[in-house]
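Single-structure report; data block below.
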Amino acid sequence: MKQIDFKSFLIGVLSAALFFVLTGLGESGNLGDIVVNSITINDDGHGGFITAYNQDQKRTLYLGTGKDENGYVQTYNQYEQATAYIGSNRDMDGVIVLNDRYGGLGFSQSGKQ
């Protein structure tokens, strides 16, 4: 079996380090601002989604697919209490739900006539 010499190993390590420096990937894993014309999110078997967090790492937004394979948007306050839901119910009708600051039901309306 061929052995890798020290120079080849060193070139590989330095190339990897240069790649991370040039892509701007720091210890935090933050890529900074990303500007795109379109984003497609595919379902990997667990639903495709986008989640946003505040500076305290508490979820403030969920946009994606639910367990019944329906799309929905849900917002949360700074305490991670659900405040709004726009999506589909189990009967596949559109629904909007607004909650108070504690997560208690304040208003609900179905699109079913």
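One line per residue, one yes/no per condition, for (1) part of a loop (DSSP other than H, G, I, E, B); (2) at positive phi:
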| position | (1), (2) |
| --- | --- |
| Asn42 | yes, no |
| Asp56 | yes, no |
| Leu63 | no, no |
| Glu69 | yes, yes |
| Val73 | no, no |
| Glu80 | yes, yes |
| Val95 | no, no |
| Phe107 | no, no |
| Lys112 | yes, no |
> Within the range 1-58, which residues are modelled with pLDDT of 75 or more, among the polar types (S, T, N, Q) and closer than 30 Å to Tyr79 by Cα?
Replying inline: Thr40, Asn42, Thr51, Asn54, Gln55, Gln57
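The values are calculated or read from the model by the stated rules, or taken from the named source; none is laboratory data. This structure is a prediction, so every number in the text was calculated from the model and none was measured.
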